[in-house]
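Data first, discussion second: the structure below is written as structure tokens.
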Amino acid sequence: MKARITESKMARERYVELRRILEERRREILNEVQEKMRDVRAEGASGESKGVLDAAETSEADIQDDIEFALIQMKSETLHKIEEALKRLDEQSYGNCFECGDEISERRLRALPFAVRCKDCEEAREIAEQRARQQSQRRSAGFLLDLN
């Protein structure tokens, strides 16, 4: 009976700690996104009064805008992953690998709190994706050679 109470207390403490980590990360990212958006708005407002830009300046500004947009998009995707992790935490399925069902190491979850796969399954998935990309590139190269 005492062991079950201790186990339950440890599970509750782990839940609280993991929730704290996820919520802290969510706050950090939200602040970063809001700051980026304020910067973009401020630059837009001040840029209108700068006058006419030449082609190089316009191109550079467009590239910078694309980079800013990509960063905001990445942060948004990370926020979505954190929201999903918080949902799994509430459903008590958080911390289990989607592929093999084993528990994801606490060290991995601390480093990547929204991880959905254990280290081994994630590495296997990355290797499979890399092989698929290489095969696709070979097919594309072969197709181009067939056209000649």
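The values are calculated or read from the model by the stated rules, or taken from the named source; none is laboratory data. Worth saying up front: this structure is predicted, and the values here are computed from it rather than measured. In this analysis, Cβ positions are derived from the backbone assuming ideal geometry, glycine residues included, and neighbour counts consider all displayed protein chains. Just so you know, the surface numbers come from the protein's heavy atoms only, side chains and all, with ligands and any DNA or RNA stripped out. Shrake-Rupley method; radii C 1.70, N 1.55, O 1.52, S 1.80 Å.
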Taking the dipole about the Cα centre of the stretch 68-148, with the C-beta of Lys and Arg at +1 and of Asp and Glu at -1, give me whichever of Leu89, Ile72, Ile104 is farthest to the positive side. Ile72
If DNA, RNA and ligands are ignored and the probe is 1.4 Å, what is the ranking of Thr78, Thr58 by accessible area, most exposed first? Thr58, Thr78
Any idea of Ile104's accessible area? Nearest 10 Å², probe 1.4 Å. 0 Å²
At most 10 other Cβ atoms within 10 Å and a DSSP loop assignment: could you name the GluC sites (Glu not before Pro) in the stretch 65-148 that fit? Glu91
Find the Rg to Rh ratio for the stretch 55-108, where Rh is the Kirkwood radius over alpha-carbon pairs and Rg uses the same atoms. 1.32
